[in-house]
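Notes to accompany the following structure.
Derivation of every value follows stated rules applied to the coordinates shown; laboratory data play no part. Being a predicted model, the structure only gives us computed values, none of them experimental. As a convention, Cβ positions derive from the backbone with ideal geometry for all residues, glycine included, and neighbour counts pool all protein chains shown.
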Amino acid sequence: MKDILKKYLPLNSVEPVSELIKMNGVHLKIVNERVTRHGDYRRMPDGSQQITINANLNKYRFLITTIHEVAHLIAFEKYGRHIKPHGPEWKHCFRSLMLPFIRPEIFPNSLLPVIASHFRNPRASSDTDAQLSVALKTFDPENDKNYIFEIPLGSIFKIHNGKTFKKGQRKIKRYECLEVDTGRIYLFQPNAEVHLLKF
């Protein structure tokens, strides 16, 4: 297990993550990229606990995602299955589990304040925290995508499923974008990654 985790995690986090997985009887599965999620937790029909994490995540996002999913398992075990998946019980477990990892031996100094800020009140996905998402992306391999907030108003862009949109105004936290083919309006997070077609 540790040899596999060394490929995906910051080196100083391998031992404690391995212990956490062993202690909670988790079957960890590393899978191909899924566009809609970085990882998930499931209790299997036979009662075993399974966590799947995308193989394409950078090591810091991989660590946060792994702890996020273990927090689901612990929250359900501790508080029962009736709790909200990302409610206060899960937030408490996630914060407690992450705290020992928020240190310079594991995360680069540039990420530490952003991560510390995020974990005051962790969200259902690190992607919905635009500041954390952008900070984590700096450790990804180069790609040809842009964030919505970076592209000019009125730009035409394409998303992962091939649909094209025109960027509109920002409304509170998200951007109203017009789907070109249907004329319907959709809301996009500022840090949604898209392919810019023209502006």
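Segment 153-182 and segment 51-105 have Cα centres lying 31 Å from one another. Charged side chains reduced to their Cβ positions (Lys and Arg at +1, Asp and Glu at -1) give segment 50-199 a dipole of some 460 debye around its Cα centre.
With q set to 0.08, 0.13, 0.18 Å⁻¹, the log10 of I(q)/I(0) for the chain, from the Debye formula over equal scatterers at the Cα positions, is -0.31, -0.78, -1.25.
Placing one equal scatterer on every Cα of segment 146-198 and applying the Debye formula, the log10 ratio I(q)/I(0) at q = 0.14, 0.19, 0.21, 0.27 Å⁻¹ is -0.27, -0.51, -0.63, -1.09. Kirkwood hydrodynamic radius computed over segment 45-102 comes to 12.2 Å, based on all pairs of distinct alpha carbons. Got a sec? Charge dipole of the chain, +1 on Cβ for Lys and Arg, -1 for Asp and Glu; which of ALA75, LEU57, PRO16 is way out at the positive end? Working it through, the farthest residue towards the positive pole turns out to be ALA75.
Karplus-based coupling profile of segment 85-98, in residue order and whole Hz: x, 10, x, x, 5, 5, 4, 4, 5, 4, 4, 4, 6, 6, with θ = phi - 60° in 6.51 cos²θ - 1.76 cosθ + 1.60 and x standing for Gly or Pro. Please list, or write none, the aspartates and glutamates whose alpha carbon is within less than 13 Å of the alpha carbon of LYS145, excluding same-chain residues fewer than 8 places away. Within reach: GLU193. Note on LYS84: lysines with a C-alpha under 26 Å away, same-chain residues under 8 apart excluded, are LYS22, LYS29, LYS173.
With one equal scatterer per alpha carbon and no solvent term, the Debye-computed log10 I(q)/I(0) for segment 15-63 at 0.17 1/Å reads -0.54.
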